[in-house]
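Just below is one structure, and these are the notes that go with it.
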Amino acid sequence: MNASTETKDWYAGRFARFEEGLNGASQSPLHALRRAGFAAFAAKGFPTTAEEEWRFTNVSPIAATQFQPAFDCEESGVTEPDLRPWSLGRTGGIVLVLINGHFSGGLSSIPASLPGVSVGSLAAALARDPALAERYLASARGGGDTFTALNTAFLVDGAFVRVDDGVTLQEPVHILSLASTGGTPLLVQPRHLVIAGKGARLSVVETYGGRGPGVYLTNAVTEIFVGEGGGVEHDTLQMENLNSYHVGTTLISLKGKASFTSNAINLGGALVRNNVSALFQGEHAECTLNGLSVATGTQLVDNHTVIDHASPRCESHELYKAVLDGSARGVFNGKIFVRQDAQKTDAKQTNKTLLLSDEATIDTKPQLEIFADDVKCTHGATVGQLDEEQVFYLRARGIGATEARDLLTFAFATDVINRVHVDALREKLDVLLHTRLRQGRVNLEV
Amino acid sequence: MSLLEVRNLHAGVQGNAILEGINLSVGKGEIHAIMGPNGSGKSTLAGVLAGREAYVVTEGEVLYQGKDLLGLSPEERAREGLFLAFQYPVEIPGVTNMYFLKAALNAIRKHRGIEELDAMEFIALVKEKMKVIDFDQSLLNRPVNEGFSGGEKKRNEIFQMAVLDPTLAILDETDSGLDIDALRIVAEGVNRLRSPENAVVVVTHYQRLLNYIVPDFVHVLIDGRIVKSGGKELALVLEEKGYDWIREESGDVPADAHAAGSK
Ligand SMILES: Nc1ncnc2c1ncn2[C@@H]1O[C@H](COP(=O)(O)OP(=O)(O)O)[C@@H](O)[C@H]1O
Ligand SMILES: [Mg+2]
């Protein structure tokens with residue numbers, strides 16, 4: 001029996017147990033979705049580096065581990081102070097806490113009255129309104145992807161955020177996802193659903209981390225629907241522990257005149273793969289995808305983005321940066337599709353990597369597939385070390401050599417941080433970067 | 001004792017000699033001009049003095065305030081009061097002028113055992129110095145030199161000089177790229193910062209700037225050597241007659257033969 005069948009058998013066994021525990025609920029449309037998810041996962045298995053999309057990212061450590069899906073909220077033992085490293089340092093506000101992928105009412109904080117806004121657990125939202133499953137979750141465009149399929153197979157809970165037409169939610173929604181494992185490698189699979197109505201505006205911040213050094217795989221899927229003229233900012237701070245794995249998939253649909261910005265900050269994890277995929281479903285919409293990865297040691301951070309210009313007259317901007325030290329590896333793949341009738345598309349992609357050591361590497365690949373003729377598409381990638389001319393300029397003014405290097409490294413990174421509009425997050429990131437980028441290096445936990 | 005004493009300085013890049021025996025003595029309160037054609041080694045001399053690592057010193061010594069300058073790192077030199085106004089100021093995206101200058105000034109103060117300035121005190125100082133050289137406030141909060149015009153960059157160098165208040169300032173072609181008004185403002189700034197305790201070395205290949213910053217001494221640098229020194233009148237002669245007559249007069253090896261020989 002080879003490793004791949006062994007893995008499938010393991011998850012088939014987990015899935016069977018999961019179904020048993022559902023009792024009567026196994027006839028629901030939601031469960032049909034799960035079954036389809038499991039079938040898709042079983043058919044494909046975990047990818048190998050023979051697949052183009054996974055050429056530089058070997059997930060065999062994930063495939064070789066028998067992760068135990070976390071069926072219940074293992075809330076026991078997790079208290080407020082455990083959340084602090086990922087909290088945005090303010091009281092009140094909207095915080096949806098997920099322990100091992102399951103909503104914790106006790107640890108979450110939701111204001112009593114939020115007119116036109118519904119926030120809380122996805123499980124509860126699905127119980128109230130089962131039609132959500134077919135209407136939104138079933139449309140998951142990432143259905144063909146193994147990790148999304150695996151998430152769907154065990155789909156139970158996550159965060160639910162809905163803002164009605166014309167409503168602006170001032171307060172950012174913080175989705176704090178914490179893994180808490182004893183000895184067993186844990187499979188943590190939150191599923192988040194964010195729906196912005198016509199002209200609705202909101203910000204969502206997702207943070208990821210683990211309590212203690214235990215091994216887990218976070219396999220999160222976030223689906224975001226931005227209604228006509230709506231505006232969503234979606235920020236992610238991935239700070240998993242350094243023994244663990246993170247696969248994050250974000251699927252965005254934009255109606256006409258909608259605007260969406262994502263800022264994806266990656267600081268943690270042993271092996272990280274992010275898929276961010278945006279689809280223009282109407283004209284005059286705008287999508288901005290920014291990313292910053294800071295890694296060292298043997299960390300691998302892979303960012304795959306897709307912007308699908310399926311409608312004319314839309315604009316997309318993309319800026320992904322990485323600071324890599326030690327033997328860290330970065331991967332960036334940025335696909336931009338411009339469909340045949342998507343005239344007047346304006347797309348710009350930039351990928352910049354700063355290497356602080358000789359062993360750190362990046363594989364970067366812009367992939368523009370343009371089928372329309374009247375479009376403006378640009379892309380550029382740079383990889384390099386700090387500019388010694390800049391270092392000398394600072395030193396010639398009295399700033400120490402190491403301080404000069406740190407200043408320049410910070411400036412490189414903060415370019416992305418400054419694009420975050422959620423003040424509390426931006427301030428947190430500022431502090432985190434200052435502690436991590438010191439002595440000319442990337443420093444881990446401090 | 002002079003402030004700066006350069007003795008028989010030989011320097012170059014990787015097996016390629018550029019400076020071939022520079023001797024120069026700068027006393028407190030003095031202004032020296034170093035003139036010479038393009039490629040003669042003026043920026044190399046300025047760079048060696050500021051600690052640019054690309055240059056290798058193969059012979060000679062430099063004393064600054066009686067101490068060995070060449071053994072100091074670039075930042076130590078700056079903290080000891082040496083300032084180089086760059087011929088090509090560097091753009092530093094992501095670091096504002098204010099942040100940069102405050103970090104620089106406080107590094108210098110710390111080194112000298114003076115209390116570091118807080119934000120309020122720093123702003124007060126900056127406001128005062130801005131007036132001296134007529135520096136545009138909007139440039140303060142912009143990233144260092146990023147998107148600045150040529151003239152703005154040069155002015156920024158002088159503004160930094162005003163804030164850091166150096167003992168020895170070396171201005172490397174600060175005049176090039178400036179129109180006449182800007183030139184006058186920059187020169188006025190330099191003149192106002194003069195004191196009996198500090199000195200200025202002005203590197204230029206035009207006489208123009210020296211109408212406004214009047215030097216006590218003019219040195220002619222050709223092919224890596226100071227071949228002639230004199231008073232401020234020398235600059236006028238150079239303006240009128242160029243450099244060839246000096247080459248002949250100094251009995252130096254013809255320029256091209258010399259260049260070939262140094263390869
Ligand atoms: N970093 C360097 N690498 C190689 N050659 C250099 C370098 N700096 C200067 N040179 C060479 O040394 C000579 C003197 O240059 P420079 O000092 O810039 O002259 P100036 O400032 O008088 O115009 C030139 O031939 C120049 O090409
Ligand atoms: Mg020069």
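Computed quantities for the displayed model
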| item | result |
| --- | --- |
| Cβ-based net charge around A:GLU286, under 15 Å, with every Lys or Arg adding one and every Asp or Glu removing one | +1 |
| Simple Cβ-charge dipole of chain A, Lys/Arg +1 and Asp/Glu -1, about Cα centre, in debye nearest 20 | 120 debye |
| Extent along principal axes [Cα atoms of segment A:5-282; Å; largest to smallest] | 51, 43, 42 |
| Given charges at beta-carbon only (K, R positive; D, E negative), |dipole| of chain B in Debye | 380 debye |
| At least 24 Å along the helix axis (C-alpha) and Kyte average at least 0.5, DSSP helices within chain B | none |
| Per-pair calculated FRET efficiency, R0 = 45 Å: A:ASP165 and A:SER28 via Cβ, rounded to 0.05 | 0.95 |
| Distance histogram in 5 Å bins (all Cα pairs of segment A:349-419, percent per bin) | 3, 13, 17, 18, 17, 12, 8, 5, 4, 2, 1 |
| Carbon + sulfur, % of accessible area of segment A:5-282 - ligands and nucleic acids excluded, 1.4 Å | 51 percent |
| Per-peptide average of other Cβ atoms within 10 Å, ordering B:140-151, B:197-208 highest first | B:197-208, B:140-151 |
| Base-10 log of normalised Debye intensity for segment B:41-116 (one unit scatterer per alpha-carbon) at q = 0.11, 0.13, 0.22, 0.23 Å⁻¹ | -0.34, -0.47, -1.13, -1.18 |
| Carbon/sulfur fraction of accessible area - segment B:4-261, other protein chains in place, 1.4 Å, % | 49 percent |
| Solvent-accessible area lost in complex, 40 Å² minimum, residues of segment B:97-119 relative to chain alone, 1.4 Å | B:PHE100 |
| Between segment A:371-429 and segment B:124-174, the Cα center-to-center distance that results, in Å | 23 Å |
| Efficiency of FRET between B:ARG112 and B:ASN38 - r from beta-carbon atoms, R0 45 angstrom, step 0.05 | 0.75 |
| Largest to smallest principal axis extent of the C-alpha atoms in the protein assembly as shown, angstrom | 106, 56, 56 |
| Distant-in-sequence amide H partners of A:LEU319 (H built 1.01 Å from N, under 5 Å) | A:LEU289, A:ASN290, A:GLY291, A:THR350 |
| Value of Rg to Rh for segment B:193-255 (Rh from inverse mean 1/r over Cα pairs, i.e. Kirkwood) | 1.01 |
| Choice from A:ARG273, A:ARG201, A:ARG419 with maximal GNM fluctuation in chain A (Cα, 10 Å cutoff) | A:ARG419 |
| A:LEU300 long-range amide H proximity, modeled H, under 5 Å | A:LEU271, A:VAL272, A:ARG329 |
| Averaged over B:71-77, number of beta-carbon atoms from partner chains that fall within 10 Å | 5 |
| Surface per residue (accessible, 1.4 Å probe) for the protein assembly as shown, Å² | 40 Å² |
| Derived scalar couplings ³J(HN,Hα) [segment A:111-128; Karplus, 6.51 cos²θ - 1.76 cosθ + 1.60; whole Hz; x for Gly, Pro] | x, 4, 10, 10, x, x, 10, 10, 10, x, 7, 5, 4, 5, 5, 5, 5, 5 |
| Per residue Cα convex hull volume in Å³ - calculated over segment B:4-261 | 128 Å³ |
| Summed buried accessible surface, chains B and A, 1.4 Å probe, nearest 100 Å² | 1900 Å² |
| Selection from A:ALA413, A:HIS192, A:GLY334 lying farthest towards where the dipole of chain A points positive, charges on Cβ | A:HIS192 |
| Span-like helix ranges in chain A, DSSP H, alpha carbon extent 15 angstrom or more, Kyte mean at least 0.0 | A:29-44, A:401-417 |
| Residue-averaged beta-carbon neighbours from other chains (10 angstrom radius) around A:384-395 | 6 |
| A:LYS44 versus B:SER250: modelled label distance in nm, points set 7 Å from Cα along the beta carbon direction | 7.4 nm |
| Rounded Å value of the spacing that divides the Cα centres of segment A:174-225 and segment A:271-305 | 16 Å |
| Residues A:ASP415 and A:LYS376, FRET efficiency given R0 of 25 Å [Cβ-Cβ distance, rounded to 0.05] | 0.65 |
| Karplus-derived 3J(HN,Hα), 6.51/-1.76/1.60, for each residue of segment A:171-184, Hz, glycine and proline x | 5, x, 9, 9, 9, 9, 10, 10, 9, 9, 10, x, x, 6 |
| Kirkwood estimate for segment A:1-62, i.e. one over the average of 1/r between Cα atoms, Å | 13.2 Å |
| Chain A, helix-only ellipticity at 222 nm - DSSP H runs n ≥ 4, -39,500 (n - 2.57), divided by all residues, nearest 500 | -7000 deg cm²/dmol |
| Given A:LYS321/A:LYS344; A:LYS348/B:LYS102; B:LYS67/B:LYS241, the pairs whose alpha carbons are separated by over 31 Å | A:LYS348/B:LYS102; B:LYS67/B:LYS241 |
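The values are calculated or read from the model by the stated rules, or taken from the named source; none is laboratory data. Note that the structure is a prediction, hence the values are computed from the model and not measured. Using ideal geometry, Cβ is built from the backbone for each residue, glycine included, and neighbour counts are taken over all protein chains shown. Surface areas here come from the heavy atoms of the whole protein model, side chains and all, with no ligands, DNA or RNA. Shrake-Rupley method; radii C 1.70, N 1.55, O 1.52, S 1.80 Å.
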